[in-house]
Amino acid sequence: MLHFIQFEIKNLLRSPFFGILSILLLVFILFAAYNGKKRVDNQLLAIETVKKTEQEFYDNHKILLDSIEKGLRKSPPQWFKNPENPLPLGAFRGAGSYAILPPALLSAISTGQSDIFPTYAKVAIGNTNAGKDNDNFENPFSTAIGQFDLAFVLGFIFPLLIIAFSYNLLSAEREQGTLRLLLSMPLNINVLLAKKIVFRYLLLFGLIIFLLIISFLLFGISLTNFDFVSFILVLGAYSFFWFLLAFMVNLLAKSSATNAMILLGSWLFFAFIIPSTVNMLAGSLYPVPSRVEFVTAQREIDKQAETEKEKILVDFYAKNPQFKRPATEGEKTWKDWWREGFAEDNYVLQLKNKLQKQYAEQAQAQRNFANSFQYFSPTILFQNKLNKIAATDTETYLSFQNSIEVFERKWTAYFETKFMKDEKLTVKDFESFPKYASVQR
Amino acid sequence: MILHIAKKEFREALRDNKFRISAGLLTILVVFAMLVSWNYYQKVNQEYQQANQTIRSQWETQTPKNPHSAAHFGTFAFKPVQTLSLIDNGLDKYLGVSVFLEAHKQNTAAYKQIADQNDLARFAELTPAFVFVYLLPLLIILLAFNTITAEKENDTLRLLLSQGISFRQLAMGKMAGIWLILLTLLLPIFSVGLVLILVSENKSSAIGNYILLIFSLLLYYTVFVNIAVAVSAWAKNSNIALVCLLGFWITSALLLPKISSNLSKTMYPTPSAIAYQKQLKEDLEKGVDGHNPFSEKSKQFEDSVLKANKVDSVHKLPFNYDGLSMQAGEEHETVVYARALKNLNNIYFSQLGFYQSTALFSPTILLKMLSMQFAKTDLQTHYEFTQQAENYRIALVRDLNYDLKDNSNYGDWDYVSKDKDFFKKNVKFDYQPISFSQTLANTSLALTLLVLWVLASVFLLQQTTKKVVW
């Protein structure tokens, strides 16, 4: 056995191929890890900045309110600057609280959908679309090309390396004429082939773990956590698949060129043809909801609210006899504007929520269809698993969006109630402002 | 002689199982992709046309209201679907489809398709362009990698050369054979595409672009055929030829696009959304705010208007001051938004420029960009659309503010136009597609680079076919 390993190692080290490919792999992994780390750093910086702006805004208003309460200062004459008024602290001019999705420990390994969905959103009164509106500024072209991240290097490039090192294990012996020699010896040729494959598997897998650890240490990506273990396990299973495939193709006893073509064809099939065909099928069998139709349907609701305006307002004043309805637009105070606004918004919101749900369900149908095909390709499975570990998968972002909606309702309800009751904010109230609770992973 | 060799190659390829299977699969894939894409295009285009009509009638039939309130109510501009998106849907799913047009604010296009999909949608999508740009070069490699090395390995090369043919003539013959096979395969496929375009809308402008696309694809295939034959002429055996050519494909189609796209972002960093919005807010505050008459800039503007009209109060002006100040605010806001977006887009285009320059190392980068440009599913076309939507917004809001200024009294927010058809008479959004000559101008650099690639591959072929390397 020792003999065998010595021989194989010598063989590999002598071929310039191995050295070149290892160096290339090192460069790719370093570049990919660097890209991932940079993206996560930008995300952390953004989170820090928004937290700071929010903190500053509320600290300043708290101080102002404190001195008003103590009689040191007068309330500002303009209602929209007065911290005793719930609206300026809940609705506009920098008011609002951030819902934040912090990066996972291993977020750097896979970009996933992080260049599509925002990782933070500002929630203020009536900002019902906060989770979706906040556009990140990624160049759409580079999003379409895709990022050079570890998921790409390990999912797409690494199998090619595996193929390069194992496509001709027996065929090369045959082509060099050494196969006869081997056959004359008292050994089982399939066992020898298996040994060669296992040796290469351990070597390449070991090499890649080594390179990953180096790059993680270099860029300060956390290694000592359960996520890293599952990452390595997933990678181990994925590379095992490719070695197993190579083993079986070698058993077919074809020429080296044929082996290479079969293996490359499989790679093309699993990494490109299956995903792209599933994408196309999903698109045509379960088309994503037409968003232009969604927009016109929403508009229809806006118009309905306009025609129903009189009814909505009559209803509102009947239910809230404490408010007196102004006769003309000119007579309206800011309070009348806001009260009537809340009444109309609540009406519209109910209808729009229903519409939104209907469209979201249609989108989910395509996602489910596409997901059911992931088992047909190890590359899709691998990518999905890595996205999960990195918490950059669609599901994470969708549940983040949902949690933002919940938070927005809480936030709006809190300030709206205070405003409707005509209550003044106090310094003590600052502690009871709704807080965003992070989604549980 | 060359013709003889070509014929032989052609016949051999037809007999070869590997080629028959891969060519057959490829044809099925691309025709299937074309039909599905066409079907999808028809559906989306119909939705677009319908939505366009609906949104206009929703504007026209809105309840009578103060024109500035109508400007806040706003309307939408929808991004038209391009006919050639059935060949290459380019960036379509990564770009928003509708722009909300309202007073005071330029909104970005919203509702990206990708947000309605999942992780799998980030893999390649089976479009005709995907097959043309990424898979066909692989077929060429499969056809050509051993075209000369096999003759070396079977020792038939000596035999051939002893018949009096030069090595270069042999290579020419091989090339002719490969082209014969390729064209037999491609012409029917291209024709299917042409037929689908002919039964679609806006075909007249699409056909010109489609022909340009086919033309550049053929140049692209020329590069691959030349390089493949050159490598086969140079390589000692088929194995080496195959590894080199596959290495070239992997680098050109898989590695370089991602690497240079990432590098372009390092070279020209995209600003963070926070920094962008902060700058925007600061710039907005530097001008007139139509809704805040107390701001310093608003006061200054008011004084200047009073002075120019030689009155001492806005009530005495011969027009409604609110309309004028709203419009003044609008004009300031428009400039601020335009500048901010222009800066952002300039960064995007710098990134694209860097990306295109790395096409010197990868012809696939070039073709990917070209096919998107010809299909009008690229960033430039999107930018053009948002620009037109913005110009329309400016015109519409101006109409509304001037009606307020000219036909109502100061402070009269109950004012509605006496003209029942007022909203029907407002300007309409009329999208002007990018013209053929514009497309030519936009793509001229990439086309030049492509021609350079062809020349370089011809040179390589010339060098490697001078004499035989055994």
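The values are calculated or read from the model by the stated rules, or taken from the named source; none is laboratory data. Every value quoted in this text rests on a predicted model; they were computed, and no experiment measured them. In this analysis, Cβ positions are derived from the backbone assuming ideal geometry, glycine residues included, and neighbour counts consider all displayed protein chains. Please note that ligands, DNA and RNA were not included when accessible areas were found on the heavy atoms of the full protein model with its side chains. Shrake-Rupley method; radii C 1.70, N 1.55, O 1.52, S 1.80 Å.
Here are a few things to note about the model shown:
- Among the strands (runs of 3 or more DSSP E) confined to region B:64-141, the ones with at least 3 residues that are more than 9 Å from chain A (Cβ to nearest Cβ) are located at B:96-102.
- Positions within region A:109-123 being in a strand (DSSP E or B) and open to solvent by 10 Å² or more (accessible area, probe 1.4 Å), in sequence order: A:TYR120, A:LYS122
- Residues of region A:220-247 that are closer than 20 Å to A:VAL40 by Cβ and open to solvent by less than 10 Å² (accessible area, probe 1.4 Å): A:PHE231, A:LEU235.
- Scanning region B:142-153 for residues that are within 11 Å of chain A (Cβ to nearest Cβ) and outside any helix (DSSP H, G or I), we see that the one that is most open to solvent (accessible area, probe 1.4 Å) is B:ASN146.
- Unique residue being of a type in the set (A, V, I, L, M, F, W, C), over 30 Å from A:PHE373 (Cα atoms) and open to solvent by 30 Å² or more (accessible area, probe 1.4 Å) when the list is A:VAL295, A:VAL314: A:VAL314
- When region B:315-368 is limited to residues that are over 19 Å from B:GLU384 (Cβ atoms), buried (at least 20 other Cβ atoms within 10 Å of the Cβ) and aromatic (Phe, Trp, Tyr), the one that is farthest from the other protein chains (Cβ to nearest Cβ) turns out to be B:TYR321.
- Subset of region A:274-325 [facing chain B (nearest Cβ under 7 Å), among the polar types (S, T, N, Q), under 16 Å from A:GLN356 (Cβ atoms) and assigned to a helix (DSSP H, G or I)]: A:THR296
- Positions within region A:248-258 being assigned to a helix (DSSP H, G or I) and more than 7 Å from chain B (Cβ to nearest Cβ), in sequence order: A:MET248, A:VAL249, A:ASN250, A:LEU251, A:THR258
- Filter result for B:SER37 (facing chain A (nearest Cβ under 10 Å), of a type in the set (Ser, Thr, Tyr) and closer than 21 Å to B:LEU187 by Cα): yes
- Unmet requirement for A:TYR414, which otherwise passes all of (1) modelled with pLDDT of 90 or more; (2) within 30 Å of B:GLN117 (Cβ to Cβ); (3) open to solvent by less than 50 Å² (accessible area, probe 1.4 Å); (4) touching a Phe, Trp or Tyr at 6+ places or on another chain (Cβ under 9 Å): (2)
- If you filter region A:368-399 down to residues that are closer than 11 Å to A:PRO275 by Cβ and aromatic (Phe, Trp, Tyr), you find that the one that is nearest to the chain's Cα centre (by Cα) is A:PHE373.
Okay, residues lined up against (1) within 14 Å of chain A (Cβ to nearest Cβ); (2) within 30 Å of B:LEU91 (Cα to Cα); (3) part of a loop (DSSP other than H, G, I, E, B); (4) modelled with pLDDT under 90:
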{"residue": "B:LEU370", "(1), (2), (3), (4)": "yes, yes, no, no"}
{"residue": "B:THR377", "(1), (2), (3), (4)": "yes, yes, yes, no"}
{"residue": "B:THR381", "(1), (2), (3), (4)": "yes, yes, no, no"}
{"residue": "B:THR386", "(1), (2), (3), (4)": "yes, yes, no, no"}
{"residue": "B:ARG393", "(1), (2), (3), (4)": "no, yes, no, no"}
{"residue": "B:ASN401", "(1), (2), (3), (4)": "no, no, no, yes"}
{"residue": "B:LEU404", "(1), (2), (3), (4)": "yes, no, no, yes"}
{"residue": "B:GLY411", "(1), (2), (3), (4)": "yes, no, yes, yes"}
{"residue": "B:LEU440", "(1), (2), (3), (4)": "no, yes, no, no"}
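- Segments classed as helices (runs of 4 or more DSSP H), wholly inside region A:129-240, with at least 3 members that are touching a Leu at 6+ places or on another chain (Cβ under 6 Å): A:140-145, A:189-219
- Unique match (being at pLDDT 85 or above and under 25 Å from A:ILE214 (Cα atoms)) among A:ILE9, A:ILE47, A:ILE23: A:ILE23
- Odd one out for A:PHE17 among (1) surrounded by 15 or more Cβ atoms within 10 Å (Cβ to Cβ); (2) within 27 Å of A:LEU160 (Cα to Cα); (3) in contact (Cβ under 8 Å) with a residue 12 or more places away in the chain: (1)
- Filter result (assigned to a helix (DSSP H, G or I) and over 18 Å from B:THR54 (Cβ atoms)) within region B:421-436: B:PHE422, B:LYS425, B:PHE436
- Test for B:THR27: is it of a type in the set (S, T, N, Q) and buried (at least 18 other Cβ atoms within 10 Å of the Cβ): no
- Candidate set: region B:10-19, residues that are more than 13 Å from B:ILE140 (Cα to Cα) and not hydrophobic (A, V, I, L, M, F, W, C); chosen: the one least open to solvent (accessible area, probe 1.4 Å): B:ASP16
- A count restricted to region A:259-273 and to residues that are within 9 Å of chain B (Cβ to nearest Cβ) and either of a type in the set (A, V, I, L, M, F, W, C) or in contact (Cβ under 8 Å) with a residue 40 or more places away in the chain (or both) stands at 7.
- None of A:PRO88, A:PRO76, A:PRO83 is in a loop (DSSP other than H, G, I, E, B) and either open to solvent by less than 10 Å² (accessible area, probe 1.4 Å) or more than 20 Å from A:TRP338 (Cα to Cα) (or both) except A:PRO83.
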